[in-house]
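The values are calculated or read from the model by the stated rules, or taken from the named source; none is laboratory data. Computed from a prediction, not measured in an experiment: that's the story for all the values here. Ideal geometry is used to build each Cβ from the backbone, glycine not excepted, and the neighbour counts take in all protein chains shown. Protein only, heavy atoms only, side chains kept; ligands, DNA and RNA dropped before computing areas. Shrake-Rupley method; radii C 1.70, N 1.55, O 1.52, S 1.80 Å.
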Amino acid sequence: MLITHIQKNSEFNANELEIGGDVLPQSHFGPKHLLKDKKPFAIVLGCEVDNVNNRGFDVSSEFLNKGAAIVITNFTKISGDEAAKIVMRLVELLKTDSGRGIQLGSVILKLKQQLLAEGIMSSLSLIAYGDADWIISAEAVSKS
(Lines give C-alpha, C1' and ligand atoms only; values in the text may rest on other atoms or scores of the structure.)
Protein backbone atom coordinates (compact mmCIF):
# COMPACT_ATOMS: atom_id res chain seq x y z
CA MET A 1 0.00 0.00 0.00
CA LEU A 2 1.30 3.38 -0.94
CA ILE A 3 -0.21 6.81 -0.43
CA THR A 4 1.97 9.20 -2.33
CA HIS A 5 2.23 12.57 -3.99
CA ILE A 6 3.53 12.64 -7.55
CA GLN A 7 5.58 15.59 -8.65
CA LYS A 8 7.53 16.38 -11.78
CA ASN A 9 11.28 16.82 -11.39
CA SER A 10 11.89 19.86 -13.59
CA GLU A 11 15.60 19.12 -14.02
CA PHE A 12 15.06 15.60 -15.38
CA ASN A 13 11.46 16.03 -16.62
CA ALA A 14 10.52 12.83 -14.81
CA ASN A 15 7.94 11.84 -12.19
CA GLU A 16 8.96 11.43 -8.57
CA LEU A 17 7.01 9.83 -5.74
CA GLU A 18 7.02 11.79 -2.51
CA ILE A 19 6.52 9.35 0.32
CA GLY A 20 6.62 10.74 3.85
CA GLY A 21 9.03 13.50 2.90
CA ASP A 22 11.36 11.21 0.93
CA VAL A 23 11.49 11.35 -2.86
CA LEU A 24 11.83 8.28 -5.09
CA PRO A 25 12.23 8.82 -8.83
CA GLN A 26 9.67 6.73 -10.71
CA SER A 27 12.48 5.18 -12.76
CA HIS A 28 14.05 3.80 -9.54
CA PHE A 29 10.98 1.76 -8.73
CA GLY A 30 11.84 -1.84 -9.53
CA PRO A 31 11.34 -5.53 -8.87
CA LYS A 32 12.82 -5.24 -5.37
CA HIS A 33 9.68 -3.32 -4.41
CA LEU A 34 7.38 -6.19 -5.47
CA LEU A 35 7.61 -9.90 -4.75
CA LYS A 36 6.67 -11.44 -8.11
CA ASP A 37 6.17 -14.94 -6.69
CA LYS A 38 3.40 -13.54 -4.45
CA LYS A 39 1.26 -12.13 -7.31
CA PRO A 40 1.39 -8.64 -5.82
CA PHE A 41 -1.71 -6.68 -5.04
CA ALA A 42 -0.72 -3.00 -5.04
CA ILE A 43 -2.77 -0.12 -3.72
CA VAL A 44 -1.26 3.13 -4.98
CA LEU A 45 -3.28 6.23 -4.20
CA GLY A 46 -2.35 9.85 -4.45
CA CYS A 47 -2.11 12.91 -6.57
CA GLU A 48 -1.78 12.03 -10.28
CA VAL A 49 -0.79 8.41 -9.68
CA ASP A 50 -2.71 7.35 -12.78
CA ASN A 51 -2.20 10.13 -15.31
CA VAL A 52 -4.66 9.83 -18.21
CA ASN A 53 -2.40 12.04 -20.33
CA ASN A 54 0.56 9.74 -19.73
CA ARG A 55 -1.16 6.34 -19.60
CA GLY A 56 1.26 3.46 -19.81
CA PHE A 57 4.11 5.54 -18.46
CA ASP A 58 2.56 6.80 -15.24
CA VAL A 59 3.20 5.50 -11.72
CA SER A 60 0.31 3.03 -11.60
CA SER A 61 1.40 1.54 -14.93
CA GLU A 62 4.92 1.21 -13.53
CA PHE A 63 3.55 -1.16 -10.87
CA LEU A 64 1.90 -3.28 -13.56
CA ASN A 65 5.03 -3.25 -15.70
CA LYS A 66 7.12 -4.43 -12.74
CA GLY A 67 4.90 -7.43 -11.98
CA ALA A 68 1.86 -6.44 -9.93
CA ALA A 69 -1.16 -8.63 -10.71
CA ILE A 70 -3.63 -6.04 -9.42
CA VAL A 71 -3.25 -2.31 -8.98
CA ILE A 72 -5.92 -0.20 -7.32
CA THR A 73 -5.36 3.48 -7.97
CA ASN A 74 -7.11 6.75 -8.73
CA PHE A 75 -7.17 8.97 -11.80
CA THR A 76 -7.85 12.36 -10.23
CA LYS A 77 -6.18 14.46 -7.59
CA ILE A 78 -7.01 13.18 -4.14
CA SER A 79 -6.13 14.38 -0.65
CA GLY A 80 -4.07 12.28 1.73
CA ASP A 81 -7.01 12.17 4.16
CA GLU A 82 -9.34 10.79 1.50
CA ALA A 83 -6.72 8.28 0.33
CA ALA A 84 -6.31 7.06 3.91
CA LYS A 85 -10.10 6.63 4.30
CA ILE A 86 -10.21 4.65 1.06
CA VAL A 87 -7.39 2.35 2.14
CA MET A 88 -8.92 1.80 5.58
CA ARG A 89 -12.30 0.89 4.10
CA LEU A 90 -10.65 -1.46 1.59
CA VAL A 91 -8.80 -3.24 4.39
CA GLU A 92 -12.07 -3.55 6.34
CA LEU A 93 -13.76 -5.14 3.31
CA LEU A 94 -10.91 -7.59 2.83
CA LYS A 95 -10.96 -8.58 6.50
CA THR A 96 -14.67 -9.47 6.31
CA ASP A 97 -14.06 -12.28 3.81
CA SER A 98 -12.92 -14.62 6.66
CA GLY A 99 -10.21 -16.21 4.51
CA ARG A 100 -12.62 -17.29 1.78
CA GLY A 101 -11.60 -14.57 -0.64
CA ILE A 102 -13.78 -12.24 -2.66
CA GLN A 103 -13.83 -11.23 -6.32
CA LEU A 104 -11.90 -8.07 -7.12
CA GLY A 105 -14.87 -6.61 -9.01
CA SER A 106 -17.17 -7.13 -6.00
CA VAL A 107 -14.70 -5.49 -3.63
CA ILE A 108 -14.30 -2.42 -5.84
CA LEU A 109 -18.08 -2.07 -6.24
CA LYS A 110 -18.71 -2.34 -2.47
CA LEU A 111 -15.82 0.03 -1.76
CA LYS A 112 -17.17 2.70 -4.09
CA GLN A 113 -20.75 2.30 -2.84
CA GLN A 114 -19.81 2.59 0.83
CA LEU A 115 -17.47 5.55 0.33
CA LEU A 116 -19.92 7.40 -1.88
CA ALA A 117 -22.65 6.88 0.73
CA GLU A 118 -20.30 8.61 3.20
CA GLY A 119 -19.85 11.54 0.82
CA ILE A 120 -16.31 10.71 -0.28
CA MET A 121 -16.69 11.75 -3.92
CA SER A 122 -13.09 10.88 -4.82
CA SER A 123 -14.11 7.22 -4.55
CA LEU A 124 -15.59 7.62 -8.03
CA SER A 125 -12.05 8.10 -9.34
CA LEU A 126 -10.93 4.65 -8.18
CA ILE A 127 -9.88 2.21 -10.86
CA ALA A 128 -8.59 -1.34 -10.63
CA TYR A 129 -6.18 -2.85 -13.08
CA GLY A 130 -6.54 -6.61 -13.08
CA ASP A 131 -9.16 -9.21 -13.86
CA ALA A 132 -12.48 -8.56 -12.07
CA ASP A 133 -12.73 -12.32 -11.46
CA TRP A 134 -9.49 -12.51 -9.48
CA ILE A 135 -10.16 -13.75 -5.96
CA ILE A 136 -8.44 -11.58 -3.38
CA SER A 137 -8.11 -11.81 0.36
CA ALA A 138 -5.91 -10.40 3.05
CA GLU A 139 -3.66 -13.45 2.54
CA ALA A 140 -3.32 -14.04 -1.21
CA VAL A 141 -4.41 -13.29 -4.74
CA SER A 142 -5.43 -16.10 -7.11
CA LYS A 143 -7.29 -16.60 -10.38
CA SER A 144 -10.73 -18.24 -10.03
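Data for the structure
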quantity	calculated
Subset of the stretch 69-79 (residues that are crowded, with 23+ Cβ neighbours inside 10 Å and either modelled with pLDDT under 75 or small (G, A, S) (or both))	none
Count - residues of the stretch 62-109 that are in contact (Cβ under 8 Å) with a residue 24 or more places away in the chain, part of a helix (DSSP H, G or I) and either charged (D, E, K, R) or closer than 12 Å to G130 by Cα (or both)	10
Subset of the stretch 112-137 (residues that are in a helix (DSSP H, G or I) and over 13 Å from the mean Cα position of the chain (by Cα))	K112, Q113, Q114, L115, L116, A117, M121, S122, L124
Scan of the stretch 83-135 for residues that are among the acidic types (D, E) and either open to solvent by 70 Å² or more (accessible area, probe 1.4 Å) or modelled with pLDDT of 90 or more (or both), ordered by number	E92, E118, D133
Leading residue by the ranking (least open to solvent (accessible area, probe 1.4 Å)) among those in the stretch 1-28 that are over 18 Å from F63 (Cβ atoms) and part of a loop (DSSP other than H, G, I, E, B)	G21
